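Participant: Right, I'll just put the structure down here and ask away after.
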Amino acid sequence: MQTLDWLVVAAYFVLIVGIVWRSSLRQKTTADYFLAGRHVSWFVVGCSLFASNIGSEHIVGLAGSGANNGMAQAHWELHAWVMLLLAWVFVPFYYRSGVFTMPEFLERRFSPKTRWVLSVVSLVAYVFTKVSVTVYAGAIVFQTLLPDTFGSPENAFWVGAVTTVILTGIYTVLGGLRAVVYTEVAQTFVLLIGSAMITTLGLAALGGWDELIAMSRPNAGQFALWRPNSDPNFPWLGVMIASPVIGIWYWCTDQYIIQRTLAARSLTDARRGAIWGGFLKVWPVMIFLIPGMIGYALHQKGLLTIPSRPDGAGLLGDAVFATMVQALLPVGLRGMVVAGLLSALMSSLASLFNSCATLFTVDIYEKLRPGQSERTLVRVGRIATTAVVGFGLIWIPIMKSISERSTGLYDYLQNVQGFLAPPIAAVFLLGLFSKRITAQGALYGLVVGFILGMAKLTIQTLTRSGLLSGDGLFQAIGQFNAYYFSGVLFLFSVIFVIAVSLATPPPSEEKVRGLTYASTTPEQRAENRASWDYREVLGTVVVLGMVLGAYLYFSFWLR
């Protein structure tokens, strides 16, 4: 990093500070702080959805996955079609209900107990996945780009982790969701431009697209989009089962994402924003995952050096993106891409912090202490943000060890989400499409599913860390493929929720009116139809065409 690079980074953060300062002047109510006053346009909603999803863990982790596993995990990015489900199936119910959170929606559909359970599960999930993973990815960037600035690479790792968390926490606490979504518009374009430059310059250094294909073809089994079912890490059937389950949970039921659509100024903006976000979501394969494969090919040619894993078993793929930034980019452009990496880290953390504050304040604190002033609720939300930061920092050393021993950061992220997503996705899908699903079925399905998922996570962590060895039932559970487990847990959750619901009295018509497809009123159907026209249909066709085209091309590109 040269002086010009640091000036570019500084200029970017001056822009961010300006946005935060303006946003901090408009935080008078909970709607202002948690939902940006419900006045966000479709363009901003879509950019915010994309930037919230594409954090540093995506850039670092997807590039690492490309270097280690080729196209094996592209399926999660090519599931941009799931965002169309959000736009057409889920958004109308969420937006019309006027809720602040997804647990609040579950309370209306089922009961207060389901709201409590989802709130707690979501907060636990955020600590295990989003906080720790995002901070770890940002710390890897510091460790690679500034290895000697703080005395040693290990010091750079921890300085990067703590500094970015504190700075992001400050601007989230001050600016609320308004600061988050409007900084994410700037971050979206910095991410796209910077990562596209990495891809372009990397291909130029390698010798072009044909050279990438030629160098990847000898490793077709390692880099293929589809792996045989005998593959221990990415069996195609397990991946195709797990990725839609995780996608539906993440894009259609998770507070972290849905909060952006709830902040839209109209139902049309919410739906159109989700479709625009789906269009943006198709691009990470080309600008984040493919660069990892380019980096691996450059390493094979001796044009750059990717660090080895601490255990010596292969390359540390999660360092490939930062290594390419360091080796390929000229002065000035390097600063812009580093600003993009930091903005990705901060946008994901900021989104997460605000979502955690919303969940805790609206779904837990306000239930325990009803009747509090708006000012008190905003203050509690800020305290909750600080607490989540602390828990995430505690988990980082554990996650660092797990990531270095596994197939990479992105694989760890999808594994953990695969343990948490199935029961939540099952409850939301069944709750929207069936009036017969009861509060008891939803409650017990969430609780039992969460316990089973956490048991698998614990046993698998102990097994992979070497703390649990030998043969036996626990060892078999720990070694059982995580993606297959996600599918088994989803199927179990669906059957369990239906069984408990059939064994309990059905909810009243009044309870479910307007909250399931079978119970929507004529007025609601008319409002829904009036909220879209040919533009939404055309956008949907474009996104589906891009996804289908990518699948067709990458299914055969190494043959």
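Participant: Please list, ordered by chain and number, the residues whose modelled amide H lies under 5 Å from the amide H of residue 40; skip anything fewer than 5 residues away on the same chain.
Facilitator: Those qualifying (amide H under 5 Å, at least 5 residues apart or on another chain) are 264, 265.
Participant: Residue separation times 0.36 nm, minus the C-alpha to C-alpha distance between residue 7 and residue 155: what's the value?
Facilitator: 50.9 nm
Participant: Determine the dipole magnitude for the chain: charges of +1 sit on the beta-carbon of Lys and Arg, -1 on that of Asp and Glu, nothing else is charged, the reference point is the Cα centre, and the result goes in debye to the nearest 20.
Facilitator: Numbers: 38 positive and 28 negative charges, 254 e Å.
Once rounded to the nearest 20, the dipole reads 1220 debye.
Participant: If I fit a long axis through the Cα atoms of helix 439-464 and take the longest principal axis of the Cα atoms of the chain, what angle between them do I get, 0 to 90°, rounded to 10?
Facilitator: 20
Participant: Measure out, as a whole number of angstrom, how far apart the alpha-carbon centroids of the range 438-490 and the range 320-389 sit.
Facilitator: 29
Participant: From the P(r) of the range 443-552, can you give the percent of Cα pairs sitting at distances over 18 Å?
Facilitator: Result for the distance tail: 72 percent.
Participant: When 1/r is averaged over all different Cα pairs and the result inverted, which Kirkwood radius in Å belongs to the chain? Numbers along the way, then the final one.
Facilitator: Details: mean 1/r = 0.0421 Å⁻¹.
Computed over Cα pairs of the chain, the Kirkwood hydrodynamic radius comes out at 23.8 Å.
Participant: Next question. Of 478, 79, 216, which is farthest on the positive side of the dipole of the chain, counting Cα position, with +1 on Lys and Arg Cβ, -1 on Asp and Glu Cβ, and the Cα centre as origin?
Facilitator: After comparing all options, I get 79.
Participant: For each of 483, 365, count neighbouring Cβ atoms within 10 Å of the residue's Cβ, then give the residues from fewest to most.
Facilitator: Values: 483 25, 365 19.
Arranged by neighbour count, lowest to highest, 483, 365 become 365, 483.
Participant: Further, regarding this structure: How much of the calculated P(r) for the range 46-159 lies past 18 Å, in percent of all Cα pairs?
Facilitator: Numbers: 4400 of 6441 pairs.
Distances greater than 18 Å cover 68 percent of the Cα pairs.
Participant: So between residue 166 and residue 222, what do we pick up on full extension, going 0.36 nm a residue minus the alpha carbon distance? Could you put the intermediate results ahead of the total?
Facilitator: Numbers: separation 56, 0.36 × 56 = 20.16 nm, distance 3.90 nm.
Gain on stretching residue 166 to residue 222: 16.3 nm.
We did not get these values from a lab; they are worked out from the coordinates using the rules stated. What you see is a predicted model, and the numbers here were worked out from it, not measured in a lab. Virtual Cβ from ideal backbone geometry, glycine too; neighbours counted across all protein chains shown.
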